[in-house]
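Q: Would you mind keeping the following structure in view while I ask a few things?
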Amino acid sequence: MKNAKHYTLITALFLSVTMFGQENLQLTAKDSIVKSSWMFGLGYNFVDDSGDVADGLFKFKDEWNGLAFPNRLSIGRYFKSGIGIEAIATYNKYKEGKIVDQAVVIDESDYIGFDTRLTYDLNKLIGQIAWFDPYLGGGLGYTDANNVGRGTYNAVVGFRTWFSDRVGLDINSSGKWAMGNNDASNHLQHSVGVVYQFGIEKGLSKKGEEKLALIQEQEKEKQRVNDSIANANRIKEEALLAERLAQEKEKARLAAIEKEKIKAEELRKKRIEDKISNLGYVYFNLNSSYITPNSKDVLNDLAIILKETPDLKLKVTSHTDSRGTSTYNKWLSERRVKNTKDYLVKQGISEERLELQAYGEEKLLNECSDAVYCPESKHKINRRSEFIVL
């Protein structure tokens, strides 16, 4: 179990180091693209209405008509699907000396076009390219050119290149085919201009979505590692808690045992003290330190108790009455305590178990001090040896 815990913790730490050693991925502005918007355009249009498109496609000087000022306006709405809807207005002039309908223009005439078209963003098929945004489209329009009005079927190919999310350059070419008017020719219209996006809704590019998926995977892995570490810590804390509770339980058990032991010892001591107390004191005659027969009976019983209780130690104290000088009485109590001890030793009690103290007349048990008259019966009470359990 312990090895399993260590393995879990080491694994979690290894995964943590591995994961944080990787690149700290973050989404940036480069990961997002414009998904949908409105787009306004202003630029130039050039018309090639020579009547022979294939032969004079790049004869700018002879066949392309253009103006020195911006002459193309457009407004469009572009959707997340890649489809765009546009409305375009153009103005131009067929200039003197240009080839129109395979004839050289003698008199200038106006060119006016109103077109609508649907386009499709090819990046939806080929993948997003940051600076290059190609598209194809088709639509319907009305054109008044070379003094002939006609409805047109239109096809367009073009691309936009972006300087920012809002500003870019739009370059495209349209083919316009007249609807059922034999007097009206088909022609090409080329355009270049600045476009401005507004009402933008942005979203992640394909690479951005891949990066987001990787970030989410890293977050999941990070969470998994954190969960593993947290679980290892939880197991460790639970083990420490269990160990602490076990220690506290054992401590409480030992304390209870010790308490019972102390209680038992106190009861034992109380029983011994009661037995010794029931024996009474060893009393002495006036001015005597000899052990009387009655006192020998008390000491014999006391010796039995001491033998029955090998760990019992006693403090033996001896006293006198108040008659006589205090110096004399001190000496007499010393004799009495020594004789008391010697008698117990003769009964087989070790001297080490007996602590001696002589008080003289210092601890009288009644009022019979030097200045008080007392009968012999009261003085006798103070001539004694006492036994205190240590």
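Q: Just to verify a number: what accessible area does SER81 come out at with the full protein assembly present, 1.4 Å probe, Å² rounded to tens?
A: 70 Å²
Q: Shifting gears a bit: Between GLU273 and LEU125, what is the spin-label point distance in nm, taking each point 7 Å from the Cα along the Cα→C-beta axis?
A: It is 11.0 nm.
Q: Next question, about the same structure. My understanding is that a pair violates if its Cα-Cα distance is over 20 Å; which of LYS307/LYS346; LYS296/LYS380; LYS80/LYS202; LYS263/LYS315; LYS30/LYS222; LYS251/LYS313 do that in this structure? If you can, show how the numbers build up before the last one.
A: Working: LYS307/LYS346 13 Å; LYS296/LYS380 17 Å; LYS80/LYS202 9 Å; LYS263/LYS315 22 Å; LYS30/LYS222 25 Å; LYS251/LYS313 31 Å.
Distance filter (> 20 Å) returns LYS263/LYS315; LYS30/LYS222; LYS251/LYS313.
Q: On average, how much accessible surface per residue is there in the stretch 133-259, in Å², for a 1.4 Å probe, leaving out ligands, DNA and RNA?
A: Normalised by residue count, the accessible surface of the stretch 133-259 is 60 Å².
Q: Near LYS249, which lysines are there with a Cα under 20 Å away, not counting those fewer than 8 places off in the same chain?
A: By straight Cα distance, LYS249 reaches LYS236, LYS259, LYS261.
Q: Return the lysines within reach of LYS176: Cα separation strictly under 22 angstrom, same-chain partners fewer than 8 residues apart disregarded; answer none if there are no such residues.
A: By straight Cα distance, LYS176 reaches LYS59, LYS61, LYS93, LYS95, LYS98.
Q: Along the charge dipole of the chain, pointing to its positive end and built from +1/-1 on Cβ of Lys, Arg, Asp and Glu, which listed residue (ASN181, VAL167, GLY41) has its Cα farthest out?
A: Towards the positive end, the residue furthest out is VAL167.
Q: In addition: For PHE198, PHE284, give me the order by solvent-accessible area with a 1.4 Å probe, most accessible first, ignoring ligands, DNA and RNA.
A: PHE198, PHE284
Q: Something else: Roughly how many percent of the accessible protein surface of the stretch 294-334 is carbon and sulfur, given a 1.4 Å probe and a whole-percent answer? Before the final figure, lay out the partial values.
A: Working: 1030 of 1960 Å².
After summing per-atom areas, the C and S share lands at 53 percent.
Q: On to the next question. For SER326, SER385, SER228, what's the largest-to-smallest order of accessible area, 1.4 Å probe? Don't jump to the answer; show the numbers that get you there.
A: On the way: SER326 75, SER385 0, SER228 30 Å².
Solvent-accessible surface, decreasing: SER326, SER228, SER385.
Q: Go through (i) 37, 23, 19; (ii) 134, 21, 14; (iii) 33, 22, 19 and flag the label whose value is the computed semi-axes √(5λ) of the Cα gyration tensor in Å for this structure.
A: (ii)
Q: As a test of the formula, what do you get for the chain when each DSSP H run with n ≥ 4 contributes -39,500 (n - 2.57) and the sum is divided by the residue count, at 222 nm and rounded to the nearest 500 deg cm²/dmol? Display every interim value, and only then the final one.
A: Working: 7 runs with 146 residues, N = 390.
Computed ellipticity for the chain at 222 nm equals -13000 deg cm²/dmol.
Q: Right, something else. In a shell of Cβ-Cβ distance under 11 Å around SER74, excluding SER74 itself, what net charge do Lys and Arg (+1) and Asp and Glu (-1) give?
A: -1
Q: Give the ranking of VAL104, VAL148 by solvent-accessible surface, highest area first, calculated with a 1.4 Å probe. Write down the numbers at each step before the final one.
A: Working: VAL104 95, VAL148 35 Å².
Ranked from most to least accessible, the order is VAL104, VAL148.
Q: Take peptides 90-103, 201-214 and line them up by average Cβ neighbours within 10 Å, highest first, as a rough protection proxy.
A: On the way: 90-103: 16.7, 201-214: 14.1.
The packing order, highest mean first, is 90-103, 201-214.
Q: Please sort 271-279, 186-194 by packing, taking for each peptide the average over its residues of neighbouring beta carbons within 10 angstrom, highest first.
A: Output ranking for 271-279, 186-194: 186-194, 271-279.
Q: Sequence-distant or interchain residues sharing an amide H contact under 5 Å with GLU355, placed H: which?
A: Result for GLU355 returns LEU314, LYS315, VAL316.
The values are calculated or read from the model by the stated rules, or taken from the named source; none is laboratory data. Treat the numbers as computed from the prediction; the structure is a model and nothing was measured. Here the Cβ is made from the backbone with ideal geometry for all residues, glycine too, and neighbour counts use every protein chain on show. The accessibility values were calculated without ligands, DNA or RNA, using every heavy atom of the protein model including side chains. Shrake-Rupley method; radii C 1.70, N 1.55, O 1.52, S 1.80 Å.
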